[in-house]
Amino acid sequence: MKIYKVGGAIRDRLLGLAVQDTDWVVVGATPQEMEALGYQRVGQDFPVFLHPQTKEEYALARTERKTAPGYKGFDIDATPNVTLEEDLQRRDLTINAMAETTDGQLVDLYGGADDVRARKLRHVSPAFAEDPVRILRVARFAARFVPIGFQVAEETNTLMRDMVKAGEVDALVPERVWTELARALGEARPSQFFEVLRNCGALAILFPEIDGLFGVPQPRQHHPEIDSGIHVLQVLDYAAALSDDVRVRFAALVHDLGKGATPAQEWPRHIAHEEKSVALIKTMCQRLRAPNDFRDLAILVARYHTRCHRAAELRPGTLLETLEALDAFRRPERLEQFLIACEADATSRPGLETLGYPQADIFRNALRAAKSIDAGALVAEGFAGEKLAAELKQRRIAAIAKL
């Protein structure tokens with residue numbers, strides 16, 4: 001039995017980054033031998049074990065042979081005769097296919113260290129084409145590493161294009177697509193996830209609502225970037241700079257989906273794009289089986305973001321109505337999520353990044369003023385039922401009007 005450290009821990013060490021997780025591969029062992037040593041088996045599809053003390057993952061070296069389309073049709077061999085070289089060859093990218101012995105010696109059989117230095121995301125072998133999930137993983141690693149200079153190797157992009165043309169991406173199930181999307185939204189530059197997918201043709205298949213925004217113009221005076229697709233990716237990256245909350249980032253990404261549904265004869269105007277966006281968000285989230293909290297915030301941002309931009313023009317009653325629609329009285333944290341997404345939309349345009357977003361304080365102050373009206377005091381005055389609700393509303397509007 002030989003044990004090697006593998007994967008991301010080595011890559012991140014070479015990049016000078018903090019190592020988050022450490023994974024290990026075991027060569028020359030059986031599941032029975034691992035369990036006899038106290039390791040706890042957790043892998044369903046192939047043998048993976050947790051170390052009895054550290055709880056780090058130890059996987060038996062394995063090979064995979066494709067037997068059907070998609071990413072589930074594989075025969076897996078995890079017998080003791082599988083070599084380290086064979087195990088590393090089945091990995092996705094060269095920078096993830098390095099190993100290290102227990103005494104710290106680097107085992108780099110596929111040029112991973114060279115690609116770390118060259119800042120290249122390059123596939124290890126033609127076996128990459130057997131698993132369409134790897135396209136999503138490359139896109140996700142681009143979202144993480146493009147800020148430090150990485151690029152997808154041209155031969156890898158060509159291979160991914162060929163995979164898309166062969167229909168491999170069509171076999172991806174919604175849960176796996178959502179998992180990779182959610183992880184990509186948490187990366188340093190999430191727009192790169194979509195750029196990579198667009199460059200290889202996968203965006204139109206996996207996220208047609210987003211792909212449909214590219215080439216759709218917007219009024220130049222409000223959107224100097226003009227293209228709606230470029231706009232939403234700029235908003236996404238700016239939202240990422242403002243918040244670590246991936247729900248906010250998702251809402252920023254999809255807030256303008258309805259512009260892709262505007263008839264070409266109406267360009268560059270996008271009348272009622274807010275409600276068109278809501279309908280497309282519902283369709284997209286249902287298809288991807290997105291969590292309800294992602295969907296709900298995204299719908300609110302799509303429906304009310306243009307109203308938020310006009311906060312200084314809104315009547316007190318409209319401000320109150322919007323706060324109620326956002327459920328801001330019970331969930332003030334949702335108002336903050338909403339405001340961050342709206343700020344990203346308004347200020348992500350070139351030259352506007354440092355102007356601030358005073359509209360957010362208008363909504364915050366309106367909520368504070370409305371909350372200053374005590375419903376309990378109204379009950380003490382004798383109001384009840386519909387009369388209580390009506391009086392509470394009028395006094396809240398009056399409080400907002402005094403701002």
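All of the numbers you see were taken from the coordinates with simple rules; none came from a lab. Note that the structure is predicted; figures quoted are calculated from it, not measured. Counting neighbours? That spans all protein chains shown, and the Cβs are built from the backbone with ideal geometry, glycine included.
The table that follows gives values for the structure above.
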item: Sparse-neighbour loop sites [trypsin sites (Lys or Arg not before Pro); the stretch 338-403; at most 16 other C-beta within 10 Å; DSSP]; result: Lys402
item: Karplus 3J(HN,Hα) series, Hz, for the stretch 81-87 with 6.51 cos²θ - 1.76 cosθ + 1.60 (x for Gly, Pro); result: 8, 6, 8, 4, 4, 5, 5
item: Any cysteine of the chain lacking a neighbouring Cys Cβ under 4.7 Å - listed by number; result: Cys200, Cys285
item: Values of log10 I(q)/I(0), in the order q = 0.27 Å⁻¹, for the stretch 348-403 under a Debye, Cα-only, solvent-free model; result: -1.01
item: Helix axis angle, 154-165 relative to the chain longest principal axis, alpha carbon, degrees; result: 70 degrees
item: Count of Lys pairs (Cα-Cα under 18 Å; at least 8 positions apart or interchain) in the chain; result: 6
item: Rounded if a/c under 1.5, otherwise prolate or oblate - the stretch 215-366, Cα gyration tensor axes; result: rounded
item: Over the chain: helical MRE at 222 nm, DSSP H runs n ≥ 4 each giving -39500 (n - 2.57), nearest 500; result: -15000 deg cm²/dmol
item: Label-point separation, Glu225 to Thr283 (7 Å along Cα→Cβ), nm; result: 2.3 nm
item: The stretch 1-119: C-alpha gyration tensor shape, a/c 1.5 cut-off, then a/b vs b/c; result: oblate
item: Note, ³J(HN,Hα) from phi for the stretch 118-134, Karplus 6.51, -1.76, 1.60, rounded to Hz, x at Gly and Pro; result: 7, 6, 10, 9, 10, 6, 6, 7, x, 4, 3, 5, 7, 10, x, 4, 5
item: Helix 332-347 vs. the chain, principal-axis angle (Cα, 0 to 90°, nearest 10); result: 80 degrees
item: Cleavage-rule hits (trypsin sites (Lys or Arg not before Pro)) in the stretch 265-318: DSSP loop, at most 16 neighbouring Cβ within 10 angstrom; result: Arg269, Arg289, Arg310
item: Spatial separation of Cα centroids for the stretch 193-234 and the stretch 33-55, in angstrom; result: 45 Å
item: Rounded, prolate or oblate (a/c below 1.5 giving rounded, otherwise prolate when a/b exceeds b/c) for the stretch 265-348 by Cα gyration tensor; result: oblate
item: Contour minus Cα-Cα distance for Ala389 and Ala325 (0.36 nm per residue); result: 21.5 nm
item: On Cα atoms only, tilt of 359-371 relative to the major axis of the chain in degrees; result: 60 degrees
